[in-house]
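Input: a single structure, listed below in structure tokens.
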Amino acid sequence: MCGIVGIIGSPFAAKESYLGLLMLQHRGQDSAGILSYDSNNNTFNSEKNLGHIKEAISEEQIESLTGSCAIAHTRYSTIGKIRKEEAQPMLTNYPYGIGMAHNGNIVNVEEVKKDLLKKNKRMVLSKNDLEVMMNILAKELSNDDEFLSSEIINQAVAKIYETIEGAYSTVTILAGHGLLAFKDPNGFRPLCWGKRKLTDEEKGINQNGQEYTYAIASESKSLQFLGYESVEELKEGELIYITFEGVVHKFQHKKTPATPCMFEWIYFANADSKIWNKNVYQMRLKFGELLGKKLKSENIDVDIVVPVPDTSRPSAITISEQLAKPYREVLIKNRYAQRTFILNSQMEREKAVHLKMNVVAEEIKDKNLLIVDDSIVRGTTSKKIIQMLRANGAKSITMVSTCPPLIKPCFFGIDFPNEEELVAANKTNREIADLIGADHVFFLDQNDLKLAFNDLKTCMACLDGKYPIDVSAAQKMIDSRIKK
Ligand code: SF4
């Protein structure tokens with residue numbers, strides 16, 4: 001999972017990209033980068049490094065990123081190592097100069113890589129799947145040496161849709177031409193765009209008579225923060241190409257119904273973002289309401305309802321309303337620790353649970369607790385929290401998850417690829433409770449989750465194994481790694 005931003009038309013494009021990216025820090029913490037393009041002297045400028053955005057890019061460095069177009073990326077690595085060389089945005093010189101960043105995961109990456117070498121003599125140098133996609137785009141745009149029209153760009157993206165299977169939301173600078181963004185035909189990962197009227201000062205700097213600047217970002221929160229309006233989600237298989245003259249071109253290639261990832265609303269996205277027109281906070285309230293209704297019929301003994309901060313707060317509020325039991329925030333988060341799910345090794349995760357939270361012992365002693373979490377993935381966090389609560393005198397602990405049991409791997413950018421690592425795979429609720437040390441465990445039903453999404457069909461493959469696209473190539477790769 002990653003966060004991306006693209007700006008075209010603002011004299012402060014790099015600065016705006018940086019600020020927009022700060023709103024997406026939760027989407028990736030391995031590395032961050034900004035690439036700007038200055039059309040005055042036809043140059044790219046880039047800064048990228050490992051770590052959080054503020055560590056990776058200093059304010060002084062942003063000053064050197066000139067130009068009215070920029071793209072930015074914060075990375076959570078699912079493919080490729082955590083090395084500076086794998087950090088995005090990536091750049092290729094031919095044709096025109098193409099700079100690109102993406103959020104997602106390419107399922108048939110090895111196959112496409114082999115084809116690129118065999119048929120087109122193009123070698124992919126990094127382990128980052130973005131480089132594969134950038135090569136396909138570069139190859140398609142090199143076919144024609146006429147004027148680079150929106151139709152040629154549209155056809156090049158159509159070729160990507162034909163060739164590349166997986167989840168990908170992208171932003172691309174085409175030097176001398178404009179900013180391109182596109183979403184895969186299933187629309188797995190979020191991507192939205194909007195526009196902002198330039199101020200008189202900005203128009204004075206630009207000196208090109210344009211009225212608007214345009215922005216693209218993984219989540220609407222970035223665009224709202226930057227003051228962009230008319231924010232719209234890109235549809236499945238949709239591309240948007242905005243020229244340096246401010247002309248907006250849109251195309252859609254509809255191969256299949258949209259299946260956005262339900263886990264964005266459950267866990268990943270900012271609570272104040274809107275994805276596919278559904279506000280994340282309101283969806284979390286709904287998940288809690290539906291789970292609360294189910295819990296009511298279970299007659300469990302509960303004194304207080306406690307959210308695991310931060311994602312599950314809205315759901316815990318509506319569960320407490322349904323059960324008519326007090327809501328208490330007695331798990332206190334250490335704001336400066338990383339989210340444990342995003343860390344890359346089991347050892348790092350184990351350490352991080354201790355760093356992450358503390359408990360208000362006075363409020364839980366001799367009480368029956370209902371602990372609400374957004375999901376139970378490996379069970380590591382739940383187990384540690386439960387140990388901490390018991391050590392501080394909790395009488396009983398019922399653990400509930402607003403995500404139904406995760407039983408299958410995700411091949412589309414969320415890091416739970418190995419079935420053996422998923423605590424709920426092939427287990428009953430009783431077995432899961434025993435493993436994590438809870439008295440009881442309950443999950444939101446998948447049917448209730450569908451009910452919450454109402455008219456929007458989402459991907460739920462990690463819950464039921466019904467993958468919206470063929471994942472056999474990625475599955476084979478994982479199986480061979482497990483055997484080794
Ligand atoms: S498999 Fe699960 S986590 Fe992956 S895209 Fe589908 S819903 Fe999201």
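The values are calculated or read from the model by the stated rules, or taken from the named source; none is laboratory data. Worth saying up front: this structure is predicted, and the values here are computed from it rather than measured. Neighbour counts are summed over all protein chains in view; Cβ atoms, including those assigned to glycine, are modelled from backbone coordinates with ideal geometry. Ligands, DNA and RNA are excluded from the accessible area calculation, which covers all protein heavy atoms including side chains. Shrake-Rupley method; radii C 1.70, N 1.55, O 1.52, S 1.80 Å.
Using the alpha-carbon atoms, what tilt in degrees (0 to 90, nearest 10) does helix 380-391 show relative to the longest principal axis of the chain?
Between the helix axis and the principal axis of the chain, the angle is about 40 degrees.
With the Cα gyration tensor of region 148-189 giving a ≥ b ≥ c as the square roots of its eigenvalues, does the rule (a/c under 1.5 for rounded; else a/b larger than b/c for prolate; else oblate) give rounded, prolate or oblate?
In terms of gyration-tensor shape, oblate.
In the structure shown, do any of Lys197/Lys235; Lys54/Lys325; Lys235/Lys286 have a Cα-Cα gap over 32 Å, and if so which?
Violating the 32 Å Cα-Cα cut-off are Lys54/Lys325.
Calculate one ³J(HN,Hα) per residue across region 442-450 by plugging θ = phi - 60° into the Karplus curve 6.51 cos²θ - 1.76 cosθ + 1.60, and present them in order as whole Hz with x for glycine and proline.
Karplus values, whole Hz, x for Gly and Pro: 9, 10, 5, 6, 4, 5, 5, 4, 4.
For the chain, compute the orientation-averaged projected area of the C-alpha convex hull (one quarter of its surface), in nm².
Mean projected area of the Cα convex hull: 22.8 nm².
Longest exposed-loop-site-free stretch of the chain, with GluC sites (Glu not before Pro), DSSP loop and at most 12 other Cβ within 10 Å?
It works out to 299-484.
Just the number, please: carbon plus sulfur as a percent of the accessible area of region 3-259, 1.4 Å probe, no ligands or DNA/RNA counted.
About 49 percent, which is the carbon plus sulfur part of the accessible surface.
Cα axis of helix 472-483 to longest principal axis of the chain: angle in degrees, 0 to 90, nearest 10?
That works out to roughly 60 degrees.
Taking the Cα centre of each part, how many Å lie between region 407-445 and region 47-115?
Going from one Cα centre to the other spans 33 Å.
Quick check on the chain: helices-only [θ] at 222 nm, where DSSP H runs of length 4 and up contribute -39,500 (n - 2.57) each and the sum goes over total residues. Nearest 500, please.
Calculated from helices alone, the mean residue ellipticity at 222 nm is -9500 deg cm²/dmol.
Can you figure out the FRET efficiency of Thr92 with Lys450, using R₀ = 41 Å and their beta-carbon distance, to the nearest 0.05?
Using R0 = 41 Å, I get an efficiency of 0.45.
Could you derive backbone 3J(HN,Hα) for region 265-272 from the dihedral phi with the Karplus parameters 6.51, -1.76 and 1.60 (θ = phi - 60°), listing whole Hz in sequence and x where the residue is Gly or Pro?
6, 5, 10, 6, 6, 4, 4, 9
So if R0 is 25 Å, what FRET efficiency would Tyr281 and Glu232 give, r being the distance between their Cβ atoms, rounded to the nearest 0.05?
Working from the Cβ atoms, E equals 0.80.
What percentage of all Cα-Cα pairs in region 1-143 are separated by more than 18 Å?
Looking at region 1-143, the distances longer than 18 Å represent 54 percent of pairs.
Does region 283-467 come out rounded, prolate or oblate by the C-alpha gyration tensor, with a ≥ b ≥ c the root eigenvalues, rounded set by a/c under 1.5 and, if not, prolate when a/b is larger than b/c and oblate if not?
oblate
Might you tell me the accessible area per residue for the chain, computed with a 1.4 Å probe and given in Å²?
Per residue, the chain has 41 Å² of solvent-accessible surface.
Multiply the residue gap between Glu419 and Ala324 by 0.36 nm, knock off their C-alpha separation, and tell me the result in nm, one decimal place.
Roughly 30.5 nm would be gained on extension.
Could you name the lysines in cross-link range of Lys121, using Cα to Cα under 26 Å and dropping any fewer than eight places away on the same chain?
Straight-distance partners of Lys121: Lys81, Lys84, Lys113, Lys139, Lys159, Lys476.
Can you list residues from other chains, or at least 5 along the same chain, whose modelled amide H is less than 5 Å from the amide H of Met262?
When sequence neighbours closer than 5 places are left aside, the close amide H contacts are Cys459.
Quickly work out the Thr199-to-Glu55 label distance, labels modelled 7 Å from Cα along the C-beta direction, and quote it in nm with one decimal.
So the label points at Glu55 and Thr199 sit 3.3 nm apart.
Give me a comma-separated list of calculated 3J(HN,Hα) values for region 301-315, in order, Karplus coefficients 6.51, -1.76, 1.60 applied at θ = phi - 60°, integers in Hz, x for any Gly or Pro.
After applying 6.51 cos²θ - 1.76 cosθ + 1.60, I find 7, 10, 9, 9, 10, 10, x, 7, x, 9, 4, 8, 4, x, 5 Hz.
Give, rounded to the nearest 20 debye, the magnitude of the charge dipole that the chain has about its Cα centre when Lys and Arg contribute +1 at Cβ and Asp and Glu contribute -1 at Cβ.
1180 debye
Jot down the radius of gyration and Dmax of region 3-259, Cα atoms only, both in angstrom.
16.7, 53
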